[in-house]
1. Quick one: if the Förster radius is 41 Å, what FRET efficiency do Lys13 and Asp142 give, using the C-beta to C-beta distance and rounding to 0.05?
2. Considering Cα pairs under 8 angstrom that are at least six residues apart, work out the relative contact order of segment 147-342 and quote it in whole percent.
3. At 7 Å along the Cα-to-beta-carbon direction for both Asn100 and His213, put a label point, then send me their distance in nm to one decimal.
4. Give me the extension gain from Thr275 to Glu163: residue separation times 0.36 nm, minus the current Cα-Cα distance, reported in nm with one decimal.
5. What is the distance, in nm, between label points placed 7 Å from the Cα along the Cα-to-Cβ direction at Arg117 and at Ile81?
6. Among Leu338, Ser5, Gly278, whose Cα sits farthest toward the positive end of the charge dipole of the chain (+1 at Cβ of Lys/Arg, -1 at Cβ of Asp/Glu, about the Cα centre)?
7. With charges only on Cβ, +1 for K and R and -1 for D and E, what is the dipole size of the chain about its Cα centre, in debye, rounded to 20?
8. Could you give the length gained on full extension between Leu285 and Arg89, defined as 0.36 nm per residue of separation minus the Cα-Cα distance, in nm?
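Derivation of every value follows stated rules applied to the coordinates shown; laboratory data play no part. Computed from a predicted model, the values in this text were never measured in an experiment. Here the Cβ is made from the backbone with ideal geometry for all residues, glycine too, and neighbour counts use every protein chain on show.
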Amino acid sequence: MAAKSQVKSLLTKAKCLRQTDEIWEFASPLGRFWITPKRGAAYRPYLFLVVSTAGQALFSKNQQQCPDADQMLETLLRTMIRPGLMAGRPRRPQVVYLANAEMVSALAPTLAELEIRCEHRASLPTLGRTRQFLERGFTDRDPIPGLLSVTGVTPPLVQHLYELAAEYYKAAPWQWLGDHDPMVIAYPPKSDPRYGIVMGSGGEIFGLSVYDHVEGLRLTFRQDLPQWELMQRASWLVLFFEEPMAMSFDDLDAILQYDWPVVNEQAYPVFGRTTPDGQLKPPSLKDLLWLEGALSGILGYLPQFLQEGFGDDDPDHLMLPVKTISGKAKMQLGMPELDDLLFADD
């Protein structure tokens, strides 16, 4: 926190500066890149940016901690007194736009002493363009679209998916189920089934992979099939758990905005669909609605499975209740022998 005497000294100097008719945009958003120190965990820095609406970058820096109002005020005053390289002479703007309404309330009284209006703006377009330019210098990774970018996907749906994913992670079904325990899931019950495999029994990647057709499952178990050919011949839906660096920045920002649950730093849920070039793309709305029902049904059945297991008398297709944001539904679950699926005649 900046010392009060230091801010007072900066304020005195700023009062002596000439005032222009400029409008400045000022914000300290979380950067869309990662800092990876040799010691300590990776983190997203807070990026201080001051720009004029004419397109001139006046100041930029980043820091690990979220800035408070005193730090924001100090940064703004220092920018007036000593703008960045090639940013012009010291001066006071006429107006400062901030995207954070609470920060406007905190800074406005002091800026008024400098005859500077401080106003809230939901969007800071010039600052946004400058931010994108700066961030491209920190990463060569193409932006990963977030789940809310998928047509028809809403925050309540993603919230429920995160809640189900957190329950799934805590239930740890990979302790009992593995690659050779396929699940045949029909949701809704009369729809074509999909084929699920719990990931994690090997102790590396934890989650759930879902094949649209039995042929995709069969291709996965072909030892003579190269990975590149598998990716080109089959596509599957996946939920896996990773560190935050694997996530879309859009999703990370949405987690903060909507307070979606995440169990721990290794359990950020990544939802995706494989592509022929070995990448992941966002699932479709249909995929996510299917996952919502399937995860709900699986979680509802796991306690019964752990208590009773599967025996010779278990039915081939269990009818399970499902809870979705749209209401109650049902799904069919079967758990046949893997060989029965791999070598069955279609």
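1. 0.40
2. Values: 333 pairs, mean separation 52.7, N = 196.
Contact order relative to length: 27 percent.
3. Here the answer is 5.2 nm between the modelled labels.
4. Length gained, Thr275 through Glu163: 37.7 nm.
5. 2.7
6. Farthest towards the positive pole: Ser5.
7. 3000
8. Details: separation 196, 0.36 × 196 = 70.56 nm, distance 5.23 nm.
My answer for the length gained is 65.3 nm.
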